[in-house]
Amino acid sequence: MNEKPTFPTQGLESAEFDPTNHSANRTMGEVIAARFSRRGFLQGSLAVSAIAATVGPAALLSAPRAEAQEGGSVFSFPEVTAGVDADHHVAEGYDAQVLIRWGDPVVSDAPEFDPNNQTAAAQAGQFGYNNDYVGYIPLDGSDEHGLLVVNHEYTNPHLMFPGLVQVVDGAAVQGDLSEEQVNIEIAAHGGSIIEIEKVDGVWRRVADSQYNRRITGTTETLVTGPAAGHDRLKTSADATGTKVLGTLNNCAGGVTPWGTYLMAEENFHGYFSGELPADHAESGNYARLGAPGGWYQWHNFHDRFDVSKEPNEMNRFGYIVEVDPMDPNSVPKKRTAMGRFKHEGAESIVAPSGQVVLYSGDDERFDYVYKFVTAGTYNAEDRAANMDLLDEGTLYVARFDEDGSMEWMPLVHGEGPLTAENGFESQADIVIETRRAADLLGATKMDRPEDIQPNATNGKVYVMLTNNSRRTEEDVNAANPRAANAFGHIIEIAETDGDFAATSGTWEILLKCGDPSIAEVGATFSTDTTENGWFGMPDNAAVDSDGRLWVSTDGNNPTDTGRTDGLWAVDTEGAARGTSRLFYRVPVGAEMCGPVFTDDGESLFLAIQHPGDGGEDWEGHARPSYYEDPSTRWPDFRDDMPVRPAVVVVTKQGGGKIAV
């Protein structure tokens, strides 16, 4: 899993760059091990009953089967067979409709997609590349008419442009991009806002909608909150430090209670190249971010992506961007109060106090889990009153303790070590260097924290931890045998008194992922989980209107798991806790993103990202996949069309709720 990627942008997706957290803070693996040790678990082996007490009532699938208990899974759909091929697959009794693909028109005057005659001007009005987060915002409260909001995380030029890749002696080499191709890539980033409606049971785009809009890597955005106007954000193009061209690497995101669209900037470091002098004021800041990454060629044509020419430009990325989709003329705003790091997700929930709580992971090995609690309260009767709630509040980082308790530690200037003596002159410095501030507070190092989903039905919070193949053998012990955590796990948080704004809580492991038939993997799916039901590398998640958890994955492939990524339904309550069922699987090379349900539970939107990417065929044999010879031509399956990322909508045949 740690081999150097064939093409540069593959490294951005797998996060296979060196960890940058060199603090002495404890890793989550160490915390789990210590917690189990305190409970007397270090006895040379783990009894099934002891594991069940720790991860919930479900026992290990790889251990002797426990006696059947009353109750069962809340899911009853016929499970998809896990595997790998060129197409996507959904559970029997359901339809999976391709709703919109890379290059399809978004705005009314955009041209139809022509892969051999791509231009930046055309792409700026067409659906962008590598759709990740998907949100649905109803119009007039309708579950059949609303706005689809979609993030476009990054681009794969080797799959986008003809003639770019040459294969010599079986090795694929990507050539240099032209200025126009670079500008197409920039235009393919950002997000899309699309009005959609369901007519006679089939979803479609409303082509002439006033709401249809593209946000790209050159769309003007405003900087708000503590870092707005700070000297560290000023550049030769923007002496005010308040106006940024575009938003980049928008991974998971969110929709606020007041109906705005949140775009989380994740691996922004990869777009920058060049070198800073070792004594430059930003050198330590950028080193903590692993920057510049140098994954793209944009600096060849745009000085702002060369840190030696514009050393402050990168400080203008790494935030949560808020967009008002109801106003097509609105300017996106980078809400700096929510911190600057490699944001994955911005899922929100209203606390009993009326304050809004937003959770976000910092998607890198050994980095942290965060939440932001607004200072003001949500007003359900006055949308305008909520529009700047995200500019004031408290940003917290999590510390998980071995006794099963946890603390949310505030990142506030002047408190604890966050003072001028440690280089933080104001709250602006804290939000610009959030990682370093969290280091000083002693936050817990996590295994790639990604999407974090609060569940209003049961009051819990679910943290997706994708993997950490860099964990060393020093962490191995009987209670935590996964030194190289290749398959990830899911943590369940219970905030104190069910208050999502609380500063403390408790935690449990819901699942350790991976193949439970291999004892040394240590997976903890329930005994009712079939050979198709287990998964590795949890990434995004959704909670449907019935409070049920759905998990999508990133990293399953023919070599490591013998299956593609997909969407799994996971039981979190009762005797079936830890049971998982495969509902949908993606084509070869793709990642499963999204997912989001309409409130009535009758439509499920999924984002199929980077289909055909990777260096394997269906059976795990090495093979380069590029524009002329992709491993799949999903979703068009036409020789004159490249493989295309797309959004899919799933509905039940004959109508009704999904998985009921």
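The values are calculated or read from the model by the stated rules, or taken from the named source; none is laboratory data. Everything numeric in this text was worked out from a predicted model, so none of it was measured. When we count neighbours, we look across all protein chains shown, and the Cβ atoms used for this are built from the backbone with ideal geometry, even at glycine. The area values use the complete protein model at the heavy-atom level, side chains included, leaving out ligands, DNA and RNA. Shrake-Rupley method; radii C 1.70, N 1.55, O 1.52, S 1.80 Å.
Could you please put ILE509, ILE518 in sequence from largest to smallest accessible area, using a 1.4 Å probe?
Reading off the accessible areas and sorting them downward yields ILE518, ILE509.
Once label points are set 7 Å from the Cα along Cα→Cβ at both SER545 and ASP169, what is their separation, rounded to one decimal in nm?
Computed distance between label sites SER545 and ASP169 equals 6.1 nm.
How much length is gained on full extension from ARG204 to ALA456, taking 0.36 nm per residue of separation minus their Cα-Cα distance?
Here the answer is 87.7 nm.
Quick one: divide the alpha-carbon radius of gyration of region 134-291 by 2.2 N^0.38 Å and tell me what you get.
1.30
Which value in Å is the Kirkwood Rh of region 483-609 over different Cα pairs?
15.3
What's the extension gain from VAL412 to THR119 if we count 0.36 nm per residue and subtract their Cα-Cα distance?
Extra length from VAL412 to THR119 when fully extended: 100.9 nm.
Per 0.36 nm of contour for each residue apart, how much would the distance between GLU392 and THR503 grow if the chain were fully extended, relative to their Cα-Cα spacing?
38.2 nm
So if R0 is 25 Å, what FRET efficiency would SER142 and VAL660 give, r being the distance between their Cβ atoms, rounded to the nearest 0.05?
0.75
Based on the Kirkwood radius over alpha-carbon pairs, what is the Stokes-Einstein translational diffusion coefficient of region 99-157 at 25 °C with 0.890 mPa s viscosity, in µm²/s?
Here the translational diffusion coefficient equals 194 µm²/s.
Give me Rg/Rg_expected for region 106-203, where Rg uses Cα atoms only and Rg_expected = 2.2 N^0.38 Å with N residues.
1.34
If the label point is 7 Å along Cα→Cβ of ALA380, which residues in region 322-351 have backbone nitrogen under 19 Å from it?
Taking a point 7 Å out along Cα→Cβ of ALA380, the residues of region 322-351 whose backbone N falls under 19 Å are 348-351.
Under a point-charge model restricted to the Cβ atoms of Lys and Arg (+1) and Asp and Glu (-1), what is the dipole moment magnitude of region 435-553 relative to its Cα centre, in debye to the nearest 20?
The calculation lands at about 380 debye.
For region 303-393, state the average projected area of the convex hull of the C-alpha atoms over all orientations, rounded to one decimal in nm².
7.8
Please list, ordered by chain and number, the residues whose modelled amide H lies under 5 Å from the amide H of GLN126; skip anything fewer than 5 residues away on the same chain.
Amide H to amide H, under 5 Å and 5 or more residues apart or across chains, GLN126 pairs with VAL106.
If you count only protein heavy atoms and use a 1.4 Å probe, how large is the accessible surface of TRP295, to the nearest 10 Å²?
Its accessible surface works out to 50 Å², give or take rounding.
Could you look at the chain and say what percent of its accessible area is carbon and sulfur, using a 1.4 Å probe and all protein chains?
Here it works out to 47 percent.
Which of rounded, prolate or oblate describes region 381-449 when judged by the alpha-carbon gyration tensor and an a/c cut-off of 1.5?
Since a/c reaches 1.5 but b/c is at least a/b, the shape of region 381-449 is classed as oblate.
Work out from phi, with θ = phi - 60° and the Karplus expression 6.51 cos²θ - 1.76 cosθ + 1.60, the ³J(HN,Hα) of each residue of region 130-142, listed in order in whole Hz, and give x for Gly and Pro.
6, 4, 10, 4, 10, x, 10, 10, x, 9, 6, x, 8
Give me the net charge for the shell around GLN653: Cβ to Cβ below 13 angstrom, other residues only, Lys and Arg +1, Asp and Glu -1.
With Lys, Arg at +1 and Asp, Glu at -1, the neighbours total -1.
Distance in nm between label sites at HIS621 and GLU112, each 7 Å beyond Cα in the beta-carbon direction?
With each label placed 7 Å out from Cα toward Cβ, I get 3.7 nm.
Counting other Cβ atoms within 10 Å, which GluC sites (Glu not before Pro) in region 93-182 have at most 12 and lie in a DSSP loop?
Answer by residue number: GLU112.
Calculate, axis by axis, the spread of Cα positions in region 208-352 along the three principal axes, and write the results as whole Å, longest axis first.
Cα spread of region 208-352 along its principal axes, largest to smallest: 46, 40, 28 Å.
DSSP loop GluC sites (Glu not before Pro) in region 393-446 with at most 13 other Cβ atoms within 10 Å of their Cβ, which ones?
Of the GluC sites (Glu not before Pro), the ones in loops of region 393-446 whose Cβ has at most 13 other Cβ atoms within 10 Å are GLU415, GLU425.
With a 1.4 Å probe and every protein chain left in place, work out the accessible area per residue of region 144-204 in Å², rounded to a whole number.
That works out to 33 Å² per residue.
Given only helices, namely DSSP H runs of n ≥ 4 each adding -39500 (n - 2.57), what is the per-residue ellipticity at 222 nm of the chain, to the nearest 500 deg cm²/dmol?
Roughly -2500 deg cm²/dmol at 222 nm, from the helical runs in the chain.
At 1.4 Å probe size, what's the solvent-accessible area of MET387? Round to the nearest 10 Å².
It works out to around 40 Å².
I'd like the accessible area for TYR378, computed on protein heavy atoms only with a 1.4 Å probe and all protein chains in place. Round to 10 Å², please.
70
Mind checking the dipole of region 239-340: about its Cα centre, +1 per Lys or Arg Cβ, -1 per Asp or Glu Cβ, Debye to the nearest 20?
Magnitude of the dipole: close to 200 debye.
Give me the Debye-computed log₁₀ of I(q)/I(0) at q = 0.06, 0.12 Å⁻¹ for the chain, equal point scatterers on Cα only, no solvent, two decimals.
Ignoring solvent entirely, the Cα scatterers give -0.29, -1.33.
Can you quote the Å³ per residue value for the convex hull of the Cα atoms in region 422-557, rounded to an integer?
Taking the convex hull of the Cα positions in region 422-557, it is 158 Å³ per residue.
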